[in-house]
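I have placed the structure first, in the form of structure tokens, so that the comments after it can refer back to it.
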Amino acid sequence: MLDGVLAALAPAALAFGVVGVVVGIVFGAIPGLTATLAIALFVPVTFAMEPANGLIMLGGIYAGAIFGGSISAVLINVPGTPASIITGWEGHAMARQGQAPYALGLAAVSSGVGGLVSALVMLFLAPVVARLALTFGPAEFVALLVFSLVVVVVMLETPLARNLAGCAIGLALGTIGLDPVNGVPRFTFGVADLASGLNLVAVLIGFFCMTQALVLAREAAQGARRVELAFGGVRGAWRVLATVVSHFRTYLRACSVGLFLGVMPAIGPESTPFVAHAVEKRFSREPERFGRGSPAGLLAAEASVSANVGGSLIPLLSLGIPGSGAAAMFIGALTLHGLRPGPLLFTERGDVVYAFLGGFVVANLAMMLIGLFAIRYFAVALLVPKGVIASFVALFSLFGAYAVNNSLFDVGVMFAAAALALALRAVSIPILPVVLALILGGLLEENLVVFAITVPTLEALLARPIAVALFAVTALILALTVWRRVPGHPRFG
Amino acid sequence: MTHRITRRAALAGGLAGLAAPGLAQAQERPPNFPVRPIEMIVPYPAGGGVDITARTLAQEAGRVLGHEFRVQNRVGGAGLVGHTYMAKSAPADGHSVGVTANPFFFLDFLTREGQFSAEDVKPVVGINFSPILWVSRTASPLGRLDFDGVIEEARRRPGELKVGITPNNAFQFVTEIVERQKGVRMTHVPFQGGRPGVTALLGGNIDLTNCFYEEVEPQLRAGELKALAVSDDRRFEPLPDVPSMVERGVRMPGGVWGANRFAIVPRATPEPIRRYLEAGLLRTLRDPQSVEAFTKVGILLRPADAAETERVFGSTRETLIAFLTETGRPVRR
């Protein structure tokens, strides 16, 4: 193990790791260019490299891209990747209060912390944690997905009925495409492009980026005032560091949520910050600040996403089961380098695996340094006139929606999603439950089907304590919320 | 219906046969080709079996032929989007070469919404064949049994064994073929591909699953999973101890029920260009260094020229239509 980790400290490996992080940040910051796409594009580039160096670079890209999305999210409320929606919500609120450099620094350092924790868990606990992925069968999955949906729906401050309506809309949109039971097309109206369902990234670009371009354009037209920026020099770095240290418990919770959801097969980083943010709000002493620029909310979102990245690689490396879409890309990358992710990888090619893990640690350390000393200056982007930013965001929304699958159809999906988002805003239905339900809907349905077949009776369900416990907690949260929110009781939130 | 298609397939095979002698000579590179990198269109996500095949082929063909090949994933509808693109809208100038697999390509228009048919494309080369594997978990009660033992168990407990399939697709069809011929019934558990089924099997949530060798090679080697049989008329080279289903008394044609990977071009692609690609890719697939590169990523080549691939297309189509009709499924075109 030590040899491998030391190999990651060789100059070439270090350089590839840092290059990966920077490439990833650039990809992440542009809407539509996701972590998965960045990895897919760079796999061929790694052919010419040593396997370990190539993988270190890909790991850096993965970690960097997941964070990169937060830069545009904080600065102009345009999430660069689906995983940075919550960061945009919380971080942009801070930016509006003139705290953009601080918010960026916090986001980057938190991302580094989350990644570092997940890297350490990978290094020392991978085989143990990986088994967790297998104890989660369809019953536990259904329970977990329902829990995720419920916890977010009840923690949002908007009226419960509207949150539920949003959730229902998201689930309905998720039913478009091939039906997971019979494999026949559903709600596709004979359009081949709809057979795979709505492209999630295109929809999210429509929801968050295109609409935000309109918002920015309106602000520009109304002649918005210039922003004052306080970078704070070295003291800015100290302030970030102090906040990070004082939120030790937040990190603990967020990293646990992120790691756990990351280890779960097929649950990607997109839904993780929703859950971590909602959980953190439950624990927070000042829940009323959540959604209005709460540092704790931002930390939780960022740290959980990064922890999810490492978490998703754990079952991949030790069992051959990818924990997310981007992790599935690693199967291809590893295979093309002649490595087979699976139970024997650690024993057969420990040298490469440990070098990769060491590289992943380095990449996340690099991210923390960037966060402490460099990222604040990205806030100068705010000095660019809003009209210019709005045009660029609109342009990148078009380009990004096309780039996901080289499909003009997805550009249409993006525009339709933007129109839907505006319509929902007009009738005051919050967009976040729609998004979460859309992300998790397909997965929920797939697992519900298998759940119904493999756990046919109530007794069979009672034999699965984890699932039962999760269902019970969900029911309890729901009951508590309904009780507290009925008129006559103090409003919860 | 079946009859007419058989004749057409036979005719196609015959015509392709006539063209074959031309191949014996080295193909001249057509003038003005290629003028830009050749795109290898993959209708499946990066990292999957077809994608890895295409990426290795692109890399090796680039080395052997001396011009650039690039892989482009056109993903959607479990292959439907990429297949439709290759058949209907890809430029027919030889710069778009589709890499995909049967029976999935044909099933897209035979049973699903694909608005195209086999006549819209022409084969370039056959690349390899990977049969479907039936696997069980070694540590489960079923883990001691071989293929016949599992069938016996399924007969003893009708409908109780849970088998992972992909709905309305090859995994389910192979399962149905075995069930019908052996007179047993199992519960089909639908998954969106081989890997999720393998995950469920490893977690003990199902009893056996259908998958491809590439998806379980590490688990087989580690002894966590056990291969019961392969869906072919012969054994699969990397698994010499695993019987073929035909050997175990299941009637099925060889080389159909699995992933039969090949390269195609849009029908209107000029013949000299198609032949140049055919000769070039065949040369690549037979190049010792390329064979080694494919072996490294776990792919066992079974190169075939266009005529042979066209012939396999015909028999695949015939087999699929016969099966779909027999099981009462509508055949769309």
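Here's a check for you: in region A:421-474, which residue that is assigned to a loop (DSSP other than H, G, I, E, B) and closer than 16 Å to A:Gly170 by Cα is farthest from the other protein chains (Cβ to nearest Cβ)?
Only one residue tops the list, namely A:Ser428.
Kindly list the number of the only condition in (1) aliphatic (A, V, I, L, M); (2) open to solvent by 10 Å² or more (accessible area, probe 1.4 Å); (3) within 14 Å of chain B (Cβ to nearest Cβ) that fails for A:Ala165.
(3)
Just to confirm my filter: which helices (runs of 4 or more DSSP H) fall fully inside region B:17-127 and include at least 1 residues that are farther than 29 Å from B:Phe212 by Cα?
Ranges flagged: B:21-24, B:49-65.
Taking only region B:274-311 into account, find how many residues are within 23 Å of B:Lys122 (Cβ to Cβ) and open to solvent by 30 Å² or more (accessible area, probe 1.4 Å).
Number satisfying all stated conditions: 10.
Examine region A:64-83 for a residue that is under 30 Å from A:Gly338 (Cα atoms) and aliphatic (A, V, I, L, M), and state whether such a residue exists.
yes
For residues in region B:79-95 being in contact (Cβ under 8 Å) with a residue 12 or more places away in the chain and among the small types (Gly, Ala, Ser), which is surrounded by the most Cβ atoms within 10 Å (Cβ to Cβ)?
Among them, the one singled out is B:Gly82.
Take region A:13-41 and flag every residue that is at pLDDT below 85 and surrounded by fewer than 20 Cβ atoms within 10 Å (Cβ to Cβ).
Within region A:13-41, just A:Leu41 meets the criteria.
Restricting to region A:42-61, give me the number of residues that are part of a helix (DSSP H, G or I), more than 28 Å from A:Ala394 (Cβ to Cβ), open to solvent by less than 40 Å² (accessible area, probe 1.4 Å) and not polar (S, T, N, Q).
Within region A:42-61, residues that are part of a helix (DSSP H, G or I), more than 28 Å from A:Ala394 (Cβ to Cβ), open to solvent by less than 40 Å² (accessible area, probe 1.4 Å) and not polar (S, T, N, Q) number 9.
Determine which member of the set A:Thr211, A:Thr175 is surrounded by fewer than 18 Cβ atoms within 10 Å (Cβ to Cβ) and in contact (Cβ under 8 Å) with a residue 60 or more places away in the chain.
After ruling out the rest, the residue left standing is A:Thr175.
Give region B:170-219 a look and list any residue that's more than 8 Å from every other protein chain (Cβ to nearest Cβ), among the hydrophobic types (A, V, I, L, M, F, W, C) and more than 17 Å from the chain's Cα centre (by Cα), or say none.
B:Ile177, B:Val178, B:Val184, B:Met186, B:Leu201, B:Leu208
Quick check: is even one residue across region A:396-404 exposed (fewer than 14 other Cβ atoms within 10 Å of the Cβ) and away from chain B (no Cβ under 14 Å)?
Checking region A:396-404: not a single residue is exposed (fewer than 14 other Cβ atoms within 10 Å of the Cβ) and away from chain B (no Cβ under 14 Å).
Listed here are the residues, each with its yes/no results for (1) assigned by TED's automatic domain parsing to the domain that holds B:Ala87; (2) buried (at least 23 other Cβ atoms within 10 Å of the Cβ); (3) farther than 21 Å from B:Pro253 by Cα; (4) not charged (D, E, K, R).
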| site | (1), (2), (3), (4) |
| --- | --- |
| B:Asp108 | yes, yes, no, no |
| B:Thr111 | yes, no, no, yes |
| B:Phe116 | yes, no, yes, yes |
| B:Val121 | yes, yes, yes, yes |
| B:Pro141 | no, no, yes, yes |
| B:Leu145 | no, no, yes, yes |
| B:Ile151 | no, yes, no, yes |
| B:Arg156 | no, no, yes, no |
| B:Gly159 | no, no, yes, yes |
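Results for (1) at the interface with another protein chain (Cβ under 8 Å from one of its Cβ atoms); (2) under 23 Å from A:Leu444 (Cα atoms); (3) part of a helix (DSSP H, G or I), shown as yes or no for each residue.
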{"site": "A:Leu173", "(1), (2), (3)": "no, yes, yes"}
{"site": "A:Gly183", "(1), (2), (3)": "yes, yes, no"}
{"site": "A:Thr188", "(1), (2), (3)": "yes, yes, no"}
{"site": "A:Asp193", "(1), (2), (3)": "yes, yes, yes"}
{"site": "A:Ser196", "(1), (2), (3)": "yes, yes, no"}
{"site": "A:Val201", "(1), (2), (3)": "no, yes, yes"}
{"site": "A:Met210", "(1), (2), (3)": "no, no, yes"}
{"site": "A:Leu214", "(1), (2), (3)": "no, no, yes"}
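Let me spell it out: the conditions are (1) touching a Cys at 6+ places or on another chain (Cβ under 7 Å); (2) at pLDDT 90 or above, and A:Val113 meets all of them except one. Which number is the exception?
It is condition (1) that A:Val113 fails.
Check A:Phe136, A:Phe124 and return the single one that is among the hydrophobic types (A, V, I, L, M, F, W, C) and crowded, with 21+ Cβ neighbours inside 10 Å.
A:Phe136
From the list B:Phe262, B:Phe294, which residue is in contact (Cβ under 8 Å) with a residue 60 or more places away in the chain and within 14 Å of another protein chain (Cβ to nearest Cβ)?
B:Phe294
Tell me, yes or no, whether region B:229-238 has at least one residue that is crowded, with 24+ Cβ neighbours inside 10 Å, over 16 Å from B:Trp257 (Cβ atoms) and at pLDDT 90 or above.
No; the residues of region B:229-238 include none that is crowded, with 24+ Cβ neighbours inside 10 Å, over 16 Å from B:Trp257 (Cβ atoms) and at pLDDT 90 or above.
Which of the helices (runs of 4 or more DSSP H) contained wholly in region A:239-354 include at least 2 residues that are open to solvent by 20 Å² or more (accessible area, probe 1.4 Å) and away from chain B (no Cβ under 14 Å)?
In region A:239-354, the matching helices (runs of 4 or more DSSP H) lie at A:248-263, A:272-283.
Using beta carbons and a limit of 7 Å, which pairs, at least six apart or on different chains, have the first residue in region B:65-76 and in the same structural domain as B:Ala46 (by TED's automatic domain parsing) and under 25 Å from B:Phe105 (Cβ atoms) and the second one open to solvent by 40 Å² or more (accessible area, probe 1.4 Å) and assigned to a strand (DSSP E or B)?
The qualifying pairs are B:Arg70/B:Glu39; B:Gln72/B:Glu39.
Keeping to region A:1-28, report how many residues are over 27 Å from the mean Cα position of the chain (by Cα) and assigned to a helix (DSSP H, G or I).
Residues in region A:1-28 being over 27 Å from the mean Cα position of the chain (by Cα) and assigned to a helix (DSSP H, G or I): 8 in total.
So which residues in region B:297-333 are under 16 Å from the mean Cα position of the chain (by Cα), at negative phi and within 14 Å of chain A (Cβ to nearest Cβ)?
B:Ile299
Residues to consider are A:Ala363, A:Ala418, A:Ala426; find the one that is modelled with pLDDT of 80 or more, of a type outside the set (S, T, N, Q) and open to solvent by 40 Å² or more (accessible area, probe 1.4 Å).
One residue alone meets the criteria, A:Ala426.
When you check A:Gly91 against the structure, is it farther than 20 Å from A:Cys209 by Cα and either in a helix (DSSP H, G or I) or open to solvent by 20 Å² or more (accessible area, probe 1.4 Å) (or both), yes or no?
No; evaluated as a whole, the condition is false for this residue.
Tell me, yes or no, whether region B:45-62 has at least one residue that is open to solvent by 40 Å² or more (accessible area, probe 1.4 Å), within 14 Å of another protein chain (Cβ to nearest Cβ) and modelled with pLDDT under 85.
For region B:45-62, residues open to solvent by 40 Å² or more (accessible area, probe 1.4 Å), within 14 Å of another protein chain (Cβ to nearest Cβ) and modelled with pLDDT under 85: present.
Considering only region B:24-31, I want to know if a residue exists there that is among the small types (Gly, Ala, Ser), at negative phi and open to solvent by 10 Å² or more (accessible area, probe 1.4 Å).
Yes, some residue in region B:24-31 is among the small types (Gly, Ala, Ser), at negative phi and open to solvent by 10 Å² or more (accessible area, probe 1.4 Å).
The values are calculated or read from the model by the stated rules, or taken from the named source; none is laboratory data. In this text, all values refer to a predicted model and were calculated from it rather than measured experimentally. Neighbour counts run over all protein chains shown; Cβ positions are idealised from the backbone, glycine included. Each accessible area value is taken on the protein alone, full model and side chains, heavy atoms only, with ligands, DNA and RNA left out. Shrake-Rupley method; radii C 1.70, N 1.55, O 1.52, S 1.80 Å.
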